[in-house]
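Handing you this structure, nothing more for now.
Rule-based calculations on the coordinates, nothing more; no lab input. Note that this is a predicted model, so its numbers are computed, not measured. Neighbour counts run over all protein chains shown; Cβ positions are idealised from the backbone, glycine included.
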Amino acid sequence: MTRALLAILRRDLARLLRGSHHGAPGSGVALPILFFLAVAIIFPFAVGPDPRLLARVGGGVIWVAALLAAILPLDRLVEPDIEAGFFDQWALRGIAEEWVIAMRILAHWLSFAPALMLAAMPAGGLLGLGGAQMGMVEWGLLAGTPGLAALGVMVAAITAGLKGGAALAGLLVIPLAVPILIFGAGALAGGGASGLALCGAVSLVLVALAPFAGAGAIRAGR
Amino acid sequence: MPDPALTAQNLCCRRGDRWLFHGLDLALDAGEALHLTGPNGAGKTSLLRMLAGLLPPSPPLQGQTGTIAWQGSIAMLDERPALDMALPLGQALDFWRRIDGARDLPLARLGLEALLDVPVRYLSTGQKKRAALARLIGQNARNWLLDEPLNGLDVAGVALIEDLVAHHCAQGGTAIVTSHQPVRLPGERSLAIRMPPAGGAR
């Protein structure tokens, strides 16, 4: 079982890092990160270069960009593997869908969160965030991104096989991500440690529930 | 001495408001093969997926919901090879090899030896089917469920499947094979699923 789960995690990670079927190696991770940095670069052009204004809203911008970066690969998180028959083959081998989904959440998180947290540093610099604020952003991303990953995989499993599922998945994730966003960005606006703790709590609940919800959705869709 | 490998009772399948089959009993002993025939849409694939545990039996009009009991593990081959299209065939097969703990796959016999470096998406339909067969054999399961395994295979490929099934059954395995084409299976047992009269249960 452990051997099978490790093989699945390895494959998931390689697939997510590789990106699309025809993409160059690494394009899977590079694209959301470039997107994230592009948002941080373009934002000061849009609102003007006032450093106080930028410092006040910069943390929030980073959070919104993080959410969008987590949503980008939604359409290839679950559906291609259902269509190709992978989930059926795992079920025949007695590997529960819950485990497969849990591995996928971990792989999805690994594929975007660490790179995002690195990219947040130059992004924070561009937005003129101070050192203390930057620390809050990083801790907040660490607390919140597992929840975003779980949410993404869960919604991808629920919408797999639906017509226009990818667009629907994005629409479903955004309202459900609001608590993470409120507490994560709220920690910057004076919520401090309690904001971080609540962000982490929401995140943990999502990580705990998503494997069961996602597995149920896959079984119901057979 | 008979050694039951599969005992299935009172299987029913309802899709929407249509019964595909109703009250179907099926038994296979170790070493037996069954050829499942029937027109398109009769429920052959649904029956295979039900036997594989992927589709729950529908509750019948009366009596208990059907039961399925297998001895030993189950492997299934259908129209989806479950191999990563972007990866070279060798790596795509290695994924399942790691999961199944399989050692040697009969790649030469399947005609795949020269294709290991070719990405799966460049393989032809028949080559993908052969690759899926390699995956199936590597699983080393006692019971095989083959859904239209002959689709896309050349004459040699059909003979290969017949040989593989015969060998598998000779070693005490079982196989249930759906196919529209004639296929030579050990024992020559076959079951025809007919379309039930509209609205009625058979």
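Pick out the long, greasy-scoring helices in chain A: whole DSSP H runs spanning 20 Å or more along their own axis by Cα, mean Kyte-Doolittle at least 1.0.
Correct list, ordered by number: A:27-47, A:51-71, A:97-126, A:131-159, A:192-220.
Something else: Share of Cα-Cα pairs in chain B beyond 27 Å, in percent?
Roughly 33 percent, rounded to a whole number.
Taking each residue in A:84-96, count the Cβ atoms of any other chain within 10 Å of its Cβ, then average. What number comes out?
Mean number of neighbouring Cβ atoms from other chains: 6.
Also, quick follow-up: By count of other Cβ within 10 Å, fewest leading, how are B:SER190, B:SER179 ordered?
The most exposed by this proxy come first: B:SER190, B:SER179.
For chain B, list the DSSP H helices whose alpha carbon atoms reach 20 Å or more along the long axis and whose average Kyte-Doolittle value is 1.0 or above?
Going by DSSP H runs, the hits are B:155-170.
Express the relative contact order of segment A:2-220 as a whole percentage, based on alpha carbon pairs under 8 Å and six or more residues apart in sequence.
26 percent
Also: About its Cα centre, how strong a charge dipole does the protein assembly as shown have in debye, to the nearest 20, once Lys and Arg get +1 and Asp and Glu get -1 at the Cβ?
Roughly 360 debye for the protein assembly as shown.
Alpha carbon centre of segment A:141-185 versus segment A:53-83: separation in Å?
About 9 Å separates the Cα centre of segment A:141-185 from the one of segment A:53-83.
Could I ask something else about it? How do A:TRP63, B:TRP144 rank when sorted from fewest to most other Cβ atoms within 10 Å of their own Cβ?
B:TRP144, A:TRP63
Of the candidates A:LEU16, A:LEU126, A:LEU188, which one comes out as most mobile in a Gaussian network treatment of chain A with C-alpha springs shorter than 10 Å?
Looking only at A:LEU16, A:LEU126, A:LEU188, the biggest GNM fluctuation is shown by A:LEU126.
Counting other beta carbons within 10 Å of each Cβ, put B:CYS13, A:CYS199 in order, fewest first.
B:CYS13, A:CYS199
How big is the C-alpha Rg of segment A:145-222 next to the rule-of-thumb value 2.2 N^0.38 Å, as a ratio?
1.21
Roughly how big is segment A:2-220's charge dipole about its Cα centre, with Cβ charges of +1 (Lys, Arg) and -1 (Asp, Glu), in debye to the nearest 20?
The calculated dipole for segment A:2-220 is roughly 200 debye.
Using only alpha carbons, build the gyration tensor for the protein assembly as shown and give me the equivalent ellipsoid semi-axes, biggest first, whole Å.
50, 24, 17
Please identify, among B:GLN71, B:GLN127, B:GLN139, the residue showing maximal mean-square fluctuation in a Gaussian network model of chain B using a 10 angstrom Cα cutoff.
Most flexible of the set in this elastic network: B:GLN71.
Right, here's the next one. Provide a whole-number value for the mean count of partner chain Cβ atoms within 10 Å of the Cβ atoms in peptide B:80-89.
The mean count of partner-chain Cβ atoms within 10 Å per residue comes to 5.
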